[in-house]
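Below you'll find the structure, written out as structure tokens, and then a few comments.
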Amino acid sequence: MSLMKRDECFRVLARNITDEIVVATYSSAFEWLAIADRPLNHFSHGAMGLASSHGLGLALGLPQRRVIVLDGDGSLLMNLGSLATIAAVAPKNLIHFVCQNSSYEANGGHPLPNPELDFMGIARAAGIRNCNSFSEISGFEADIGSLLRSQGPVFAVLKIHEGHIENYDYRDLYKPERREALRKALAAGR
Amino acid sequence: MRVDAPAKQAEQVLQGSSVVSAIKAAGVEYVLSVPDIVTSRGVLFPISEDPAFRLIRVCKEDECVGIASGLSYGHKRALILIQYTGMLYAMNAIRAVGVELKQPICMMVGLLGKEPDRAPRESGRYGVRIVEPLLDAMGIAHCLIESDADVGSIKPAIDECYAKSLPVAILIGRSPS
């Protein structure tokens, strides 16, 4: 099976967004930040797995905004119940991407307990109707526009290789200035 | 640290309607909950039928922490209605998002099994006994609601949570009627 590079996917995504809030976690957060350091980013902190829940809260609190979650497969495994919650609440403005590399990449690259999980099937079984999976960058690039315009909740698996992040600088990633910038941007209506 | 509580009266009755009214008076719009048998009948069921609230039923308590944090960016107040066992489960999320990131995480926590004649710290149940010391160790403000005389502490606790953007725990020591 062919796989994509996460940074390639994120560059495609960055070209297609405007004023969406992007919630990203762990390795996805570092690669997204390198590509799109913007006030409307929210980096999910500390408790691994909560990106989807942060995203749900933002989507409910800011219904006029679209909220994009960049999750990891190891992270989502820690919060699978959130898929059922999201399906029940059904926020129209939430798009949940899961980068699947079957690895706890930020914690040394150890494999997931089951590297072959069907996350799209899990999301569909949880009740999310709009589920997608991409393993070719050309297909992702072709569909990203319509995906971002679709009524949520949208769930999409991005099948990727492990990345090559050299420096996990969590102090910089989680600095309070980033959250303050997000609040200011929201207050300013940007 | 404790949120100041009004003096207790001799009559130890806690009405669920008083608790729900106090939550409403504090401007809470969202209630995020895993059902807790202490607050099930007197608080959660009335909330589930009250159009003033948006109830989100979650699968695990740490989901509530992320959702409440996200809602705060839209200036929406949320109350996390859970049992102390669930709070213990979610401690890492509370530590990270509430304490370290200074997000407003407002919890109403049922103390399942707390004896009516004992303070939580003197409970015969280990799980109940450690709740207040753990909150103290994390620097999380808390108050104990055991009778209608204590209900006056609920709105100030919720207001404090959002004014200071910090976690607060409102402990429910008996089942509201």
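Details
- Annotation note: Cβ proximity below 7 Å between a residue of the stretch A:10-27 that is without any contact (Cβ under 8 Å) to a residue 24 or more places away in the chain and a residue that is assigned to a loop (DSSP other than H, G, I, E, B) (sequence gap 6+ or interchain) occurs for A:A14/A:A36.
- Within the stretch B:19-49, considering residues that are touching a strand residue (DSSP E or B) at 6+ places or on another chain (Cβ under 9 Å) and surrounded by fewer than 20 Cβ atoms within 10 Å (Cβ to Cβ), the one nearest to the other protein chains (Cβ to nearest Cβ): B:E29
- Residue selected from the stretch A:42-72 under the condition within 16 Å of A:R183 (Cβ to Cβ), in contact with a Phe, Trp or Tyr (Cβ under 7 Å, 6 or more places away or on another chain) and of a type in the set (A, V, I, L, M), by the criterion surrounded by the fewest Cβ atoms within 10 Å (Cβ to Cβ): A:L62
- Reported count of residues in the stretch A:103-139, each being hydroxyl-bearing (S, T, Y), surrounded by fewer than 16 Cβ atoms within 10 Å (Cβ to Cβ) and either touching a Phe, Trp or Tyr at 6+ places or on another chain (Cβ under 8 Å) or touching a residue at least 12 places away in the same chain (Cβ under 8 Å) (or both), is 1.
- Odd one out for A:S28, checked against (1) more than 14 Å from chain B (Cβ to nearest Cβ); (2) part of a helix (DSSP H, G or I); (3) out of contact with any Cys (no Cβ under 7 Å at 6 or more places or on another chain): (3)
- Scanning the stretch B:90-126 for residues that are in a helix (DSSP H, G or I) and either within 9 Å of chain A (Cβ to nearest Cβ) or in contact with a helix residue (DSSP H, G or I) (Cβ under 9 Å, 6 or more places away or on another chain) (or both) gives B:M91, B:N92, B:A93, B:I94, B:R95, B:A96, B:V97, B:G98, B:E100, B:P120, B:R121, B:E122.
- For the stretch B:158-175, residues that are more than 15 Å from B:P120 (Cβ to Cβ) and crowded, with 24+ Cβ neighbours inside 10 Å total 4.
- Total residues in the stretch B:52-76, condition small (G, A, S) and surrounded by fewer than 24 Cβ atoms within 10 Å (Cβ to Cβ): 3
- Unique match (being in a helix (DSSP H, G or I), within 14 Å of the chain's Cα centre (by Cα) and in contact (Cβ under 8 Å) with a residue 60 or more places away in the chain) among A:L56, A:L83: A:L83
- Any hit, the stretch A:39-50, residues being more than 11 Å from chain B (Cβ to nearest Cβ) and assigned to a loop (DSSP other than H, G, I, E, B): yes
- Residue count, the stretch B:127-145 (criterion: part of a helix (DSSP H, G or I) and either under 15 Å from B:Q83 (Cβ atoms) or among the hydrophobic types (A, V, I, L, M, F, W, C) (or both)): 6
Read-outs throughout are calculated quantities, based only on the coordinates presented, and are distinct from any laboratory measurement. Quick caveat: nothing in here was measured; it's all calculated off a predicted structure. Note: ideal-geometry Cβ built from the backbone for every residue, glycine included; neighbour counts use all protein chains shown.
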